[in-house]
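Chemist: Have a look at this one.
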Amino acid sequence: MGRFGRTGLLVAAALLLGAPVPSRTEPPRRIWTEIGARAKEAGPAAHGLPNLSQIVKQASPAVVSIVVEEKRNRRLSPLDPLHDFFEKNSSEEPNEGLGTGFIIDSTGLILTNAHVIENASRIRVVLDDEGFPHELEATVVGADSATDLALLRVSANHPLPVLPLGDSDAVEIADWVVAIGNPFGLTQTVTFGIVSQKGRTDVTPQGRHGYFDFIQTDASINPGNSGGPLINLQGEVVAINNAVNASGQGIGFAVPINMAKKVIPQLAATGKVTRAWIGLSIRDVPWDLAQSLGLHQPGGVVISKVTAGSPAAEAGLEDGDVILRFENRPIRSAPALRWEVACSKIGSKVPLQVLRKGKTIQLAVTLRELPDEARTLGVPADPTGNPGG
């Protein structure tokens, strides 16, 4: 596996290995389970330290270990006397990796991280059935490297336990959370902590660029926890454990579950995620620029380049424009606009509020599908910008 970007100090929390676009007006079919408001009211008391035992007892049966085999050629040095023989009769050795996942549908759909099952030749899932682990073969339904999410499927002769999905937007800093996973192969390990921060967009796991908007937690996350659930006190998954900071303790990162909810329907229906494209290079608006533009606070994104022939160019956007609103929603940062575009319906005409030379104007952009050449590159393409960039 490659190293994490930014400072090179982050490592993936996996051991050894490295239906159409959802419409905002037509929500995709919900595959997962959610808890009703009444059930939430019956959750653990908010005063004092919570009693986690019931939460863990209910959640653990739906948390699975993932064992991945990756075939690799065994190669000898050219100076080895047996080199010629073994190169002609080379065999492949399995390289095993470990991760975590959790069941979101009783028919056998499992959510995990894409990097957990990357380059897998065989995937086995270990379920803990009332203290008696048993193993099932799993197939990949779909994977999305841009959000580092993947869906697996197993077949069982009975309905499987599921974990309900919560609302990550409702999570607040200092909320209590529980992580369940398989660190270093130690199955069904439970750790406990708080939400340390939200909106970590400057963390790039393994140096990959994507739609990262991590929830930071001090609940202990270690290699093997990748793909496991981060659970609130109502027993709902609010994030998927993804990465740890190797340089210090108590710094882990998890993918918000609301991001997964945007991706799951497409992965289940087609095995991939199709995204819209606008054709801009953008950056955040810093304090000094905000003041010079007459804005009361930093917000919006400034356009540094409009791609020729792109939807943005056809809409009349220009270099130096500041996009303040996208489909009537305020834009706070460049990552926020990228995610808004990525989740929008291809072919939809989206209103924009734009600040140009001190005046606010209204434009509309018709979104197109992300160009094919963007998908052939090694990193996910930016849907706001040039293909692959």
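Chemist: Label 7 Å along Cα→Cβ of ASP175; region 249-263 residues with amide nitrogen under 15 Å?
Modeler: 254-261
Chemist: Under the Karplus relation 6.51 cos²θ - 1.76 cosθ + 1.60, θ = phi - 60°, what is the ordered set of whole-Hz ³J(HN,Hα) values for region 316-322, x standing for Gly and Pro?
Modeler: x, 5, 10, 4, x, 5, 10
Chemist: Right, here's the next one. Can you compute the modelled spin-label distance between SER106 and ALA156, with each label point 7 Å from Cα toward Cβ, in nm?
Modeler: Using points 7 Å along Cα→Cβ, the separation is 1.1 nm.
Chemist: What residues have an amide H closer than 5 Å to that of GLY228, excluding those fewer than 5 places away on the same chain, when H is modeled at 1.01 Å from N in the peptide plane?
Modeler: Answer set, sorted by chain and number: THR100, ASN241.
Chemist: Using amide H atoms built 1.01 Å from N in the peptide plane, name the residues 5+ places from GLU34, or on other chains, whose amide H lies under 5 Å from its own.
Modeler: Under 5 Å from the amide H of GLU34 lie the amide H atoms of LEU165, each far enough along the sequence or on another chain.
Chemist: With θ set to phi - 60°, apply the Karplus curve 6.51 cos²θ - 1.76 cosθ + 1.60 along region 111-125 and write out the HN-Hα couplings as whole Hz, x wherever there is a Gly or Pro.
Modeler: 9, 8, 8, 5, 5, 5, 9, 4, 6, 6, 9, 8, 10, 10, 10
Chemist: Which entries in the list LYS305/LYS359; LYS57/LYS198; LYS57/LYS262; LYS261/LYS345; LYS262/LYS357; LYS198/LYS272 go over 24 Å, if you measure between the two C-alpha atoms of each?
Modeler: As for pairs spanning more than 24 Å Cα to Cα, those are LYS57/LYS198; LYS57/LYS262; LYS262/LYS357; LYS198/LYS272.
Chemist: Mind ordering 220-228, 358-366, 316-324 by average Cβ neighbours within 10 Å, highest first?
Modeler: Sorting 220-228, 358-366, 316-324 by mean packing, highest first, produces 220-228, 316-324, 358-366.
Chemist: Could I ask something else about it? Can you order the peptides 327-339, 257-269 by their average number of other Cβ atoms within 10 Å per residue, highest first?
Modeler: 257-269, 327-339
Chemist: Count charges around ALA138 for me, please; just the other residues with Cβ under 11 Å from its Cβ, Lys/Arg as +1, Asp/Glu as -1.
Modeler: Local net charge: +1.
Chemist: Check VAL141: other-chain or 5+ apart residues with amide H under 5 Å from its amide H, H built from backbone geometry?
Modeler: Sorted by chain and number, the residues that satisfy this are LEU151, LEU152, ARG153.
Chemist: Further, regarding this structure: Using θ = phi - 60° and the Karplus curve 6.51 cos²θ - 1.76 cosθ + 1.60, what whole-Hz ³J(HN,Hα) does each residue of region 305-313 get, with Gly and Pro shown as x?
Modeler: Once θ is set to phi - 60°, the couplings for region 305-313 become 7, 9, 6, 4, x, 7, x, 5, 5 Hz.
Chemist: Do any GluC sites (Glu not before Pro) in region 120-194 lie in a DSSP loop with no more than 10 other beta carbon atoms within 10 Å, and if so, which?
Modeler: GLU130, GLU172
Chemist: May I pose another question? If you take every residue apart from ALA174 with its C-beta less than 15 Å away from the C-beta of ALA174, what net charge results, scoring Lys and Arg +1 and Asp and Glu -1?
Modeler: In short, -2.
Chemist: If R0 is 35 Å, what FRET efficiency do you get for THR270 and LEU52 from their C-beta distance, rounded to 0.05?
Modeler: With a Förster radius of 35 Å, E is 0.40.
Each reported figure results from applying straightforward, stated rules to the coordinates on display, with no laboratory input. This one's a predicted model, so the numbers in the text were calculated from it and none came from an experiment. With ideal geometry, Cβ positions are generated from the backbone for all residues, glycine too; neighbour counts draw on all protein chains shown.
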